[in-house]
Amino acid sequence: MEANLRWSLVTAVAPIAWGTNYYVTREFLPAGHPLYGGAFRALPAGVLLLAACRKAPRGSWWWKSLLLGFLNMGGFFALVYVAAQRLPTSAASTVMATAPLAMMLFAWALIAERPGPRQLTGAGLGVAGVSSMLLTGAVPMDTLGVLASVAAVAMSSLGYVLAKRWSADVEVLASTAWQLLGGGLMLLPFAVVIEGPPPDLDVRALLAFGYVTVVATALAFAAWFAGLRRLPAANVGLLGLLNPVTGVLLGTAIAGESLTLRQICGLLLTLTGILLGRRGGFLTARNEGNSAGSN
């Protein structure tokens, strides 16, 4: 129990860091360059982690790094960048709040982690809570932005479960570095061809990219994959709901506004969903077989 709590706290670093990313992207990074935005985020973070672990991929990890790099990093970063530029933070975060449910479904199908009733209920409460926190009025919805958010949820959820399935015998820093480099290298040529010359970056944009690279990418993904290795995928997915919670609290702190009663209720509902899911168990195919044999 104590070990699970410790790893839950480590994993929580990731969504809290990601919760700041929408604001930083929207306010400080150049619009209209989602491919460069993803590449500039992934490559430096991958180099940083590779310098720390000093290990190259071997065997099947060459193609696994490329696939996971596309699902979890390259393609995902580009889609999130599009969503952040075309949707209000509230709308983008609400769509992304469905990620725990997607992770549960992929984990059930691919690694036989069947979510328990508490985890499913927690995910439902999380989506309801995020909606209550963020969708407080008429929100302009951009079709491309919504599609980008939905695709990002599906891709990353699949990628996280595959990473959990494949990474048991590889160090966390190494596999994270390979994914970041693979995703960034896949994005870069498309960025050059499609978006032309890289955008001009002023001092604010460089500082913003520095924060996104070190904190919201290298540190965050290392913490996320460390937790994913030691906790059920459903529990990790539910911790991801701290992402929109952080976004709301950050926006409130920066804007100097007080939360409405509805937002406070949504915040409490989301946190209840996270805690409820953490207390819930999951069933594996082996567990089910043992149960059937004992009846």
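The values are calculated or read from the model by the stated rules, or taken from the named source; none is laboratory data. Because the structure is a prediction, the values reported are computed rather than measured. Cβ placement follows ideal geometry from the backbone for every residue including glycine, while neighbour counts extend to all protein chains displayed.
So which residues in the stretch 37-81 are in contact with a Pro (Cβ under 7 Å, 6 or more places away or on another chain) and within 20 Å of Tyr211 (Cβ to Cβ), if there are any at all? Correct list: Ala78, Tyr81. So which residues in the stretch 236-271 are at pLDDT below 85 and among the hydroxyl-bearing types (Ser, Thr, Tyr), if there are any at all? Selection gives Thr252, Ser258, Thr260.
Of the residues that make up the stretch 231-247, is at least one on the phi < 0 side of the Ramachandran plot and without any contact (Cβ under 8 Å) to a residue 12 or more places away in the chain? No: zero hits. The sole residue among Ser65, Ser8 that is in a helix (DSSP H, G or I) and either within 17 Å of the chain's Cα centre (by Cα) or of a type in the set (Asp, Glu) (or both) is Ser8.
To keep it simple, each residue is scored yes or no on (1) of a type outside the set (D, E, K, R); (2) farther than 27 Å from Lys64 by Cβ.
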residue	(1), (2)
Gly145	yes, yes
Ala148	yes, no
Gly159	yes, no
Trp166	yes, no
Glu171	no, no
Leu180	yes, no
Gly183	yes, no
Ala191	yes, no
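Once the stretch 82-100 is narrowed to residues that are assigned to a helix (DSSP H, G or I), over 13 Å from the mean Cα position of the chain (by Cα) and not β-branched (Val, Ile, Thr), the residue that is surrounded by the most Cβ atoms within 10 Å (Cβ to Cβ) is Ala83. Of the set (1) more than 17 Å from the chain's Cα centre (by Cα); (2) over 30 Å from Leu259 (Cα atoms); (3) buried (at least 22 other Cβ atoms within 10 Å of the Cβ); (4) of a type in the set (A, V, I, L, M, F, W, C), all apply to Ala177 but (1).
Looking only at residues in the stretch 145-162 that are more than 13 Å from the chain's Cα centre (by Cα) and modelled with pLDDT under 95, the one that is surrounded by the fewest Cβ atoms within 10 Å (Cβ to Cβ) is Leu147. The set of residues in the stretch 129-144 being part of a helix (DSSP H, G or I), farther than 16 Å from Asn243 by Cβ and either modelled with pLDDT under 80 or hydrophobic (A, V, I, L, M, F, W, C) (or both) consists of Leu144 alone. Meeting the requirement of 2 or more residues that are under 30 Å from Arg278 (Cα atoms) and not hydroxyl-bearing (Ser, Thr, Tyr), the helices (runs of 4 or more DSSP H) wholly within the stretch 166-242 are 172-195, 220-230, 233-239. One residue alone among Gly210, Gly251, Gly237 is surrounded by 21 or more Cβ atoms within 10 Å (Cβ to Cβ) and either acidic (Asp, Glu) or under 23 Å from the mean Cα position of the chain (by Cα) (or both), and that residue is Gly237.
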